[in-house]
Amino acid sequence: PLVSMRELLDHAAENGYGIPAFNVNNLEQVQAVMAAADEVGAPVILQASAGARKYAGESFIKHLIQAAAEAYPHIPLVMHQDHGTSPAVCEGAIKLGFGSVMMDGSLLEDGKTPAPFDYNVRVTRQVVEMAHKVGVTVEGELGCLGSLETGKAGEEDGIGAAGKLEHSQMLTDPEEAAAFVKATQVDALAIAIGTSHGAYKFTRKPTGDILAIDRVKQIHERIPNTHLVMHGSSSVPQELLAIINQYGGRIKETYGVPIEEIQRAIRYGVRKINIDTDIRLAMTGAVRKFMHENPDKFDMREWMKPAREAAKAVCKQRYLEFGCAGQG
Ligand code: G3H
Ligand code: 13P
Ligand code: NA
Ligand code: ZN
C-alpha cells in the first residue's frame, strides 16, 4: 500500500539500513523497481521529478504509481516528489496525492541560482506547515550539489546550479544544518558532500577530498533525528558504460559514487539514496545491445523487455547493497 515516508525512514533508522529512491518516468521503470523490490522483500520509494511529470503527464505519473501499489499490495510504497522548486509546486503534488515532497530551497525557483539561507528557511517552512497538516513528509536541501573537482553542478539541464560554485557551498555545514532543521522542522534533509546529478560526477574513483562521506557523520551527530538524504548517488558502473560504448554509444570516462562509500554513509545516518542515472545507463545499454543484435526487430515490447530487465537488475542490486532485503 501507499505509506508515509516518515514511517519508512524511521524504520530504516531504527534498523540501520538505507532505502534507494528511484526516479521513474514511465511504465517500464515503475515495473522494474517493483519487480526488484518484490524479489527481495524491500520497501519502495518511487520519485518523480518535474521533468518526469512533464514527460509522462501528471495523471499518468500518479496512476502509474497507484497502479504499482495495486499490483503489489504487500509492498510498502512511497510516492515522492523530487526537487520541488517552490511551495506552489509542492502544493500541487500534495493535491495530486504525493505522500512526500521535496522542497529544494537550496536554489531559487529557477532551479539554477544558489539561494540565501533565509530564503531556503522561509520556503521550506512554508511547505512543512502545509504538508504536516495532511500527514505528508517533507525533505529539504541545504548546500548545493556540485563537483568539488570542478565546482560545476553536473547536469546541463534539469536541477542544478548554473555557473561555478564555491567549495564551501558544496559542503553542508553541520551547524547550519542544525539551525535549518530547527527553523523548518523538515523530516529529511538532503546534504551536499561532493556528489552531483548525472553521469559525470568524478573524473577518477573518488577519494575523501572530493567525496566527503565523513561530513555525513558530523551532520548526523548534530541532527540525529533528521533523516539524511544523498542525491546524485548513482554509482555509474563501469560495466554499464562498457555495454553502451560497445554497441555504438559514446560515453566519456567517468566515475560515480562507489557502493562501499554509500554503505559507509548509511552507517553514518543516510536513509534515502537518490538514484536515476544508473537506471538510465542500464536501460540504454540493453536497448543498444538489442538493436545491434536484432536489426530486423521492431516490436517495442521486444526491446523494452531487456531494458526493463536491466533496470530491475540494478534496482535489486541496490536493495541488497543498502540492506533493504526483508525490510518491506
Ligand atoms: O534531479 C535529478 C534527477 O535525476 C531527475 O532528472 O529532471 O531529468 O527528470 P530529470
Ligand atoms: P543520479 O543522477 O546520481 O542518479 O542522482 C539522482 C538524484 O539525485 C535525483 O534527485
Ligand atoms: Na528528493
Ligand atoms: Zn537530486
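Can you give me the long-range amide H partners of Ala190? Hydrogens built in the peptide plane at 1.01 Å from N, cutoff under 5 Å, separation of 5 or more residues or another chain.
Gly140, Glu141, Leu142, Val229
Compute the separation of the alpha-carbon centres of the stretch 216-246 and the stretch 1-19 and state it in Å as a whole number.
18
For Leu27 and Glu14, calculate 0.36 nm times their separation in residues minus their Cα-Cα distance, and state this gained length in nm to one decimal.
Between Leu27 and Glu14, full extension yields 1.4 nm more.
Would you please give the residues with an amide H less than 5 Å from that of Leu107, counting only those at least 5 places away or on a separate chain, with H modeled from the backbone geometry?
It is Ala115, by chain and number.
Can you tell me the alpha carbon radius of gyration of the stretch 130-170 divided by the globular rule-of-thumb value 2.2 N^0.38 Å?
Normalised by 2.2 N^0.38 Å, the Cα Rg of the stretch 130-170 equals 1.57.
Grab the DSSP H runs of the chain that are 4 residues or longer, score each as -39,500 (n - 2.57), total them, divide by all residues and round the 222 nm result to the nearest 500 deg cm²/dmol.
-14500 deg cm²/dmol
Taking square-rooted eigenvalues a ≥ b ≥ c of the alpha carbon gyration tensor, is the stretch 124-266 rounded, prolate or oblate, where a/c under 1.5 means rounded and, failing that, a/b exceeding b/c means prolate?
prolate
Could you compute how fast the stretch 1-43 diffuses translationally, taking Rh as the Kirkwood radius over C-alpha pairs and applying Stokes-Einstein at 25 °C with viscosity 0.890 mPa s? Give it in µm² per second.
On the way: Rh = 11.6 Å.
Estimated via Stokes-Einstein, D reaches 212 µm²/s.
Between rounded, prolate and oblate, where does the stretch 1-159 land on the alpha carbon gyration tensor, with a ≥ b ≥ c its root eigenvalues, rounded for a/c under 1.5, else prolate if a/b exceeds b/c?
Verdict is prolate for the stretch 1-159.
Could you tell me the calculated FRET efficiency between Leu2 and Arg250, based on Cβ-Cβ distance and R0 = 45 angstrom, to the nearest 0.05?
After rounding, the FRET efficiency stands at 0.65.
In Å, what is the Rg of the alpha-carbon atoms in the stretch 5-321, and how long is Dmax?
18.6, 60
Do any trypsin sites (Lys or Arg not before Pro) in the stretch 115-207 lie in a loop, going by DSSP, with at most 14 other beta-carbon atoms within 10 Å of their beta carbon, and if so which?
Those satisfying the criteria are Lys164, Arg204.
Taking the number of other C-beta atoms within 10 Å as the exposure measure, put Asp110, Asp173, Asp104 in order starting with the fewest.
Asp110, Asp173, Asp104
Give me a comma-separated list of calculated 3J(HN,Hα) values for the stretch 141-150, in order, Karplus coefficients 6.51, -1.76, 1.60 applied at θ = phi - 60°, integers in Hz, x for any Gly or Pro.
9, 10, x, 9, 5, x, 7, 5, 7, 10
A short reminder: the numbers here are calculations on the coordinates, not readings from a lab. The model shown is predicted, which means the values in this text are computed figures rather than measured ones. Glycine gets a Cβ as well: all are built from the backbone with ideal geometry, and neighbour counts include every protein chain shown.
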